[in-house]
Every structure is written in structure tokens, then in C-alpha cells.
Amino acid sequence: MDSQKKISVKLRGRTFDISPAETHQVLMGAGHKQYQSNRGMAPEYFVLVGDEKLPVKQALKLIMDKKRLGLTILDVTTKDAVNIFRRLGFPIVVERGAKGSKIDIMKYVGALNYSGNSVEDKKALYDNP
């Protein structure tokens, strides 16, 4: 990736220039604390910045805030974000079904353990006059 090469980006009528080096500086160390919940939906597309994997739209939001474009995360699409990061030379990773998957649910197996038998308890409640 040529870190000195700037690209010109136009998002919703607003134009700005950005280089891979500037992108790396803004996103490096951003961590996951910057990101807000997305209503239980797991992000599928991530940009790799160093050894960090960041959701593409949230990463683009950090850049838009740095450039003071006045756009929200709802103003851009995942396709916009993926295209910008690809033009900048950053790798994109696609992961589907990570949040809410069976693996996440299985970690709670055995967390609640009640003694007894639900069938017998039901009979005891409803069969006795």
C-alpha cells in the first residue's frame, strides 16, 4: 500500500481527500470502545488495520468525524465503506453469523440448573384436586 497516495472521495455530495497513512493513524488504536451497539445485528464486513479488525461502517464513521463532514453512519452504506477501504489498499474480511450463533449460546449451557422434573411438577400442580 502506497501510504503517500491520496484518494479523493465523494460521499453524499461532500468531497474529501484521504491517504492510507492518515487512515491508519485515525483507525489505529481506535479499539472497540468507540463502537456502539447495532441493535443486536452482527457486523459482517471488517477492515484490517494493523492487527485490529474493525467494522467497516464504524471505521468510516471515525474518518468522517475526523474530516468533519457532518454525516452520520446512516448516510453511508456498507458498500461505500468497503469501496473506500479497498481503494486505500486495506484488506476487507467478511464474517457471517458470528453474533447470536450456536457457539455463543452454548457457552450458557449448564448456567441454570434446577432440580426436579417439570413433567412431574406439572402433574403435582394440576392433577391434585
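The values are calculated or read from the model by the stated rules, or taken from the named source; none is laboratory data. Please read these numbers as outputs of a predicted model, since none were measured by experiment. Every residue, glycine as well, gets a Cβ built from its backbone with ideal geometry; the counts of neighbours run over all protein chains shown.
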Is it the case that Ile73 is at pLDDT 90 or above and either out of contact with any Pro (no Cβ under 9 Å at 6 or more places or on another chain) or exposed (fewer than 14 other Cβ atoms within 10 Å of the Cβ) (or both)?
no
If you go through region 23-31 one residue at a time, do you hit one that is surrounded by 14 or more Cβ atoms within 10 Å (Cβ to Cβ), assigned to a loop (DSSP other than H, G, I, E, B) and either out of contact with any strand residue (DSSP E or B) (no Cβ under 7 Å at 6 or more places or on another chain) or modelled with pLDDT of 85 or more (or both)?
no
Checked against (1) modelled with pLDDT under 65; (2) closer than 23 Å to Leu48 by Cα, Arg87 satisfies every condition except (1)
